[in-house]
Amino acid sequence: MGSTNSTLLKIPNVEVLMQETGFSPAHIIRLHDRFKALDKEGRGHLCPQDFGAIKELAMNPIGDRIIGAFFSPGKEMVDFHTFVKILAHFRPVDKDRPKEPNSPELINSRSNKLKFAFQLYDQDKDGKISRDELLKVLRAMLGMQVTEEQLESIADRTIQEADLDRDDAISFEEFRKSLEKVNIDHKMSIRFLR
Amino acid sequence: MESYLFPFDSLICMLLGISFTVWFTLLLVFIIVPAIFGVSFGIRRLYMKSLIKLFEVSELMLKMHPVSLEQEIHEMRRGGAEPEFDMSDIFYFCRRGVESIVDDEVTKRFTAEELESWNLLTRSNYNFHHISTRLTALWGVGVLIRYGFLLPLRVTLAFTGVGLLVVLTSVVGLFPNGRMKNYLSDKVHLMCYRICVRSLTAIITYHDSENKPKNGGICVANHTSPIDVIILASDGCYAMVGQVHGGLMGVIQRAMVKACPHIWFERSEVKDRHLVAKRLSDHVADTSKLPILIFPEGTCINNTSVMMFKKGSFEIGSTVYPVAIKYDPRFGEAFWNSSKFGMVNYLLHMMSSWAIVCSVWYLPPMSRMEGEDAVQFANRVKAAIARKGGLADLLWDGGLKRGKVKEVFKEEQQKLYSKVLVGMCCLFFFFCIHFFFLN
């Protein structure tokens with residue numbers, strides 16, 4: 001019992017963190033251990049190279065975009081709080097928690113999960129997914145499996161289906177609308193260990 | 001009209017009568033009699049082997065069809081067809097990426113528990129959507145067999161087992177205390193637990209039975225589900241420890257305690273650690289009484305790890321007999337998430353799975369060594385159990401699953417302060433009395 005308590009006490013503002021993200025103490029401790037394991041040089045924060053060292057992430061077609069999501073523009077370091085807050089996006093939605101009318105939106109709400117995914121597409125952060133950005137993602141995900149023409153036609157078709165105001169780009173609202181029927185909670189949640 | 005139905009009426013009665021008799025005879029021969037004598041026909045092992053073959057078939061079927069997006073993409077390359085893209089496809093890669101960020105040694109073990117093949121139970125169907133009609137048909141047949149045939153059979157057996165337990169232990173309770181009563185009580189308990197084991201179609205392999213717990217000792221085991229008790233108690237006789245319940249459980253508890261001494265605590269007594277410890281020590285001091293069965297984790301863990309053992313049971317100072325229980329997840333998920341499912345729901349889940357296959361290892365007895373405190377002893381036992389059962393030895397407190405972190409430091413301060421307060425109160429009282437009587 002002593003070891004779990006002492007770890008929690010070492011983390012500053014851990015109560016606030018738990019409240020904001022909804023993680024339990026056990027989760028926080030596990031994430032802290034993982035954070036320390038990734039921070040090989042023991043600096044107390046992570047840099048993009050630390051993420052890059054994760055083999056499976058390096059092999060992921062959109063690995064660098066995911067890493068980019070952790071670092072806000074201009075920052076080259078991620079502290080533990082930011083690490084946990086970003087990961088909180090992937091917490092499964094609490095179905096049993098009653099909806100309080102005036103409470104701030106949870107990090108792992110459907111809308112915030114969608115926003116997270118949107119920013120993976122929208123790299124220049126102008127609030128729209130342009131045809132170019134879509135092509136880049138498609139190229140990253142499909143690589144050499146399809147020809148350039150096929151990629152272009154997929155991109156055209158996707159924009160055609162989703163773009164409602166005909167500005168040749170997909171805004172966040174259009175993105176959200178096109179994914180109305182998708183079970184975001186299932187696809188954008190990972191099982192954090194109890 | 002009525003005369004038309006009459007011959008059918010008697011025909012139906014006859015058929016019902018015959019089927020009941022056949023059913024009862026089969027029940028008696030194949031289940032109750034072997035349970036009394038502790039032998040087995042080996043039917044369950046045969047069943048288990050055929051289930052394994054079935055799962056291999058389903059695995060082959062799965063391999064033929066792409067399951068994940070990556071596999072779909074690979075298929076497209078061969079087919080030359082234009083892949084169907086959806087904006088949500090990025091989620092798959094995103095999820096995988098974040099999983100690898102969060103992933104660590106322990107999480108890997110848990111995600112590895114996610115079955116590579118599908119055991120045809122919907123509840124373990126995390127990733128697999130409709131794959132092929134053949135597999136779905138197989139699943140449908142499985143549902144029919146499990147719910148239509150196995151479930152009623154098992155429920156009947158369960159009722160028989162529990163009913164017999166209550167009735168027979170009450171009968172044995174009428175005997176005068178002595179060797180005869182102990183002998184009968186042992187036999188009755190064993191028989192009823194064996195029937196319950198068969199009612200769950202539990203296929204248990206016991207290892208190292210020479211280390212089975214003896215009188216005057218404490219048996220500790222890791223805890224996954226309430227049926228751990230039934231699994232252990234069908235192979236040996238134990239004194240159970242627990243809280244007094246109302247309802248059916250209460251009836252069972254009261255009946256059991258008539259036949260041999262179990263330790264049931266009232267709700268109020270549970271909070272008093274000293275009372276609990278005293279009762280347990282008194283029980284182990286009496287070598288004519290059965291070994292106590294305790295689950296020190298205090299809560300159900302999902303059977304891939306052994307969480308922190310509460311030190312209470314290790315302070316008593318008698319020999320500890322550790323037991324490791326490991327369930328095979330291929331046949332059914334035995335873990336009980338008590339915050340999600342109630343007891344009845346859980347039992348129904350259990351009874352409608354294919355089977356419960358587990359292994360039990362009896363470890364050699366351990367005692368507290370010189371200079372070792374209860375916590376260190378508890379950790380040593382826990383490590384031994386985790387090693388034997390192939391479970392991850394985690395330094396987690398099982399109570400973290402539900403409640404907030406216990407603030408041990410605060411508690412210590414509170415204790416100190418309250419002691420000071422009590423001390424002062426006593427002094428105050430003393431002075432008052434003194435003052436009162438002297439005047």
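Under a Cβ-Cβ cut-off of 9 Å, what is the net charge of the residues other than A:Glu56 that fall near it, where Lys and Arg count +1 and Asp and Glu count -1?
Counting the neighbours of A:Glu56, the net charge comes to 0.
How much of the calculated P(r) for the range A:104-184 lies past 16 Å, in percent of all Cα pairs?
Within the range A:104-184, distances greater than 16 Å cover 54 percent of Cα pairs.
As a test of understanding, state the convex hull volume per residue of the range A:23-67 from its alpha carbons, in Å³.
Taking the convex hull of the Cα positions in the range A:23-67, it is 86 Å³ per residue.
Looking only at other chains, what is the average number of their beta-carbon atoms within 10 angstrom of each beta-carbon in A:134-143?
3
So what is the calculated 222 nm ellipticity per residue for chain A, using -39500 (n - 2.57) for each DSSP H run with n of 4 or more, over all residues, to the nearest 500 deg cm²/dmol?
About -15500 deg cm²/dmol.
Cut-off 10 angstrom, C-alpha nodes, Gaussian network model of chain A. Which of A:Thr21, A:Thr147, A:Thr82 fluctuates the most?
A:Thr147
Going down the table (A:Lys55/B:Lys388; A:Lys75/A:Lys125; B:Lys258/B:Lys278; A:Lys10/B:Lys271; A:Lys187/B:Lys326; A:Lys115/A:Lys187), which pairs top 24 Å between alpha carbons?
Over 24 Å Cα-Cα: A:Lys55/B:Lys388; A:Lys10/B:Lys271; A:Lys187/B:Lys326.
Tell me, rounded to the nearest percent, the portion of alpha carbon pairs in chain A spaced more than 28 Å apart.
36 percent
Among A:Pro92, A:Pro48, A:Pro12, which one shows the biggest mean-square fluctuation in a GNM of chain A, springs joining Cα atoms closer than 10 Å?
Among A:Pro92, A:Pro48, A:Pro12, the largest GNM mean-square fluctuation belongs to A:Pro12.
Read-outs throughout are calculated quantities, based only on the coordinates presented, and are distinct from any laboratory measurement. Worth saying up front: this structure is predicted, and the values here are computed from it rather than measured. Every residue, glycine as well, gets a Cβ built from its backbone with ideal geometry; the counts of neighbours run over all protein chains shown.
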